[in-house]
Amino acid sequence: MEQELVKKKREIIDFFLKNGVLISTNLLNEINNYGNISKVFELLKSKTIDDPLVMDLDLNKLINEANRQNTETTKEVQHRNQVKVTFSYKEEPKKRDPRDFVDYFTNRYKALEKILKQHQELKDTISINKLTSKKDKESTSIIGIVSSKQTTKNGNLLLVIEDPTGQRRVIINKNKLSLFNEAKDIVLDEIIGVTGVNVDTITFANNIIWPDTPTNRELKKAENESYALFLSDLHVGSSKFLPDDFEKFLRWVNGEMGNEQQRHIANNIEYIFIAGDLVDGCGIYPEQDKELATKDIYEQYRECAELLKQIPQHIPLIICPGNHDALRISEPQPPLSKNFASAMYELNNAIMVSNPSLININSSDNFPGFDVLMYHGYSFDYFVAEVDSLRNQGGYDRADLIMKFLLKRRHLAPTHLSTLYLPDTKKDPLVIEKVPDFFLSGHIHKTATTNYRNTTLICGSCWQSKTMFQEKVGHNPEPSRVPIVNLQTRDIKILKFGH
Ligand SMILES: [Fe+2]
């Protein structure tokens, strides 16, 4: 072994001598075991040898560098298998006609009908045109899309629901208090199940059934400790962007800041999700240019890429767009534009997906992985404005309730025009077909997290202080927060990088 050590030292000296560089005696003396020598030799060979620093580099520093390079390569290899894009919209744009809307709604109806039929009470639904053959006062169950909702002069709720065969009026009596209160949240175009009694041409509801998520889903937990981190709404380019806070975040993520536990988390981050609005964009709201520090959209993305480049390369960045990004606003939004956001495509660890999208992470031979639904949240504005119970319970301050509202309806924008959308004729990509383990959104610039039937709902924060537009529409941003999930325990922590 001793001989090999001497031999290796000679090789190192010869290698550098041939290139006209001397290794310092200090460095040579530090080399005292064979393992170290091999690592250092490989590392020194890869250095630019006209760099005089090489000669005096501290051995520990070199070994650490070699070790870090090794782990980063291993982690990179692992990650390639652990992030699987289950759904990201790729359809080419094409001309649409009115028939496409019919097909779109038919597909939506079929997808949600399938989910609703899994409920025991809706196993034997009949189509609406068959209701006429039912005797008076006979119980039945139907599934339909809500085409009208009003309050009668007696204070009851009157719905009209439709299926492909016809229409039916449904009364929800105000004296059935808990049902009535829940039904007050019904929005147009959502698809529900109704069980009730038929009298003449009206069904008197005994129960309303929403597609919802099952109550008995297990809370999946990873075998090993690792962390997923959820960001959104960076708004780079805005004069309200908070570079100091983001800098702090970058220092922490690189293990250079925080207490022991926080550094431990930083060292074990395996995934970073970013739920849209990477940049502030241009012309998104009236007089936005007055609040832009960078007016050029290409430059905004370049600045954004420069920041994200500072995140350790072994951590995959899963990125979907939002309404401020430079691409069409209709949903599904395709992944970030390769033209405007070309700088972002140069990030080695970025995985670009559509809005919405479904990603599976952390799977292995023994573990199915976690399904993460990403949706920026453009429809949230509509539901905060239109649904009394959401507004009364906190509105924009309670993204978790908005997300729960949508998950219960298994649709990201149930009401026509609650968001702009493309009428896809094959399937409605805004239907939440698969129940996710994590549902991530952003858009309202304030973090909220909760567990709903073992789906973790997370709204990201933002990295921008309050804009004039937000002041007008009543947003209360709470910037520079980072929700972090321990995938082994499913515990959530929110780290704060600003006031
Ligand atoms: Fe935003």
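The values are calculated or read from the model by the stated rules, or taken from the named source; none is laboratory data. Predicted model only: the values in this text are computed from it and were never measured. Counting neighbours? That spans all protein chains shown, and the Cβs are built from the backbone with ideal geometry, glycine included.
Filtering region 206-251 down to residues that are of a type in the set (Gly, Ala, Ser) and either surrounded by 24 or more Cβ atoms within 10 Å (Cβ to Cβ) or within 16 Å of the ligand (Cβ to nearest atom) (or both), which residue is farthest from LEU407 (Cα to Cα)?
SER239
Working only within region 370-397, note down all residues that are away from the ligand (no atom under 16 Å from the Cβ), surrounded by fewer than 20 Cβ atoms within 10 Å (Cβ to Cβ) and in contact (Cβ under 8 Å) with a residue 40 or more places away in the chain.
GLU386, ASP388, SER389
Could you count how many residues in region 254-294 are within 14 Å of the ligand (Cβ to nearest atom) and β-branched (Val, Ile, Thr)?
3
With under 30 Å from LYS110 (Cα atoms), assigned by TED's automatic domain parsing to the domain that holds ILE315, part of a strand (DSSP E or B) and modelled with pLDDT of 95 or more as the only criterion, which of LEU407, LEU358, LEU401 stands out?
Just a single option satisfies the conditions, and that option is LEU358.
Out of region 319-343, which residues are touching a strand residue (DSSP E or B) at 6+ places or on another chain (Cβ under 6 Å) and either outside the structural domain of ASP424 (by TED's automatic domain parsing) or away from the ligand (no atom under 16 Å from the Cβ) (or both)?
Passing the criteria: SER330, PRO335.
Out of LEU457, LEU430, report the one residue that is closer than 20 Å to SER226 by Cα and of a type outside the set (Val, Ile, Thr).
That would be LEU457, the only listed residue that is closer than 20 Å to SER226 by Cα and of a type outside the set (Val, Ile, Thr).
Which members of region 466-480 meet the condition of being of a type in the set (D, E, K, R) and within 14 Å of the ligand (Cβ to nearest atom)?
LYS466, GLU478
Test each condition in (1) free of Cβ contacts under 8 Å to residues at least 24 places away in the same chain; (2) in a helix (DSSP H, G or I); (3) not small (Gly, Ala, Ser) for LEU131 and report the one that comes out false.
(1)
Against the definition (within 16 Å of the ligand (Cβ to nearest atom), of a type in the set (Val, Ile, Thr) and under 18 Å from PHE230 (Cα atoms)), how does ILE351 come out, yes or no?
Taking the combined requirement at face value, the residue does not satisfy it.
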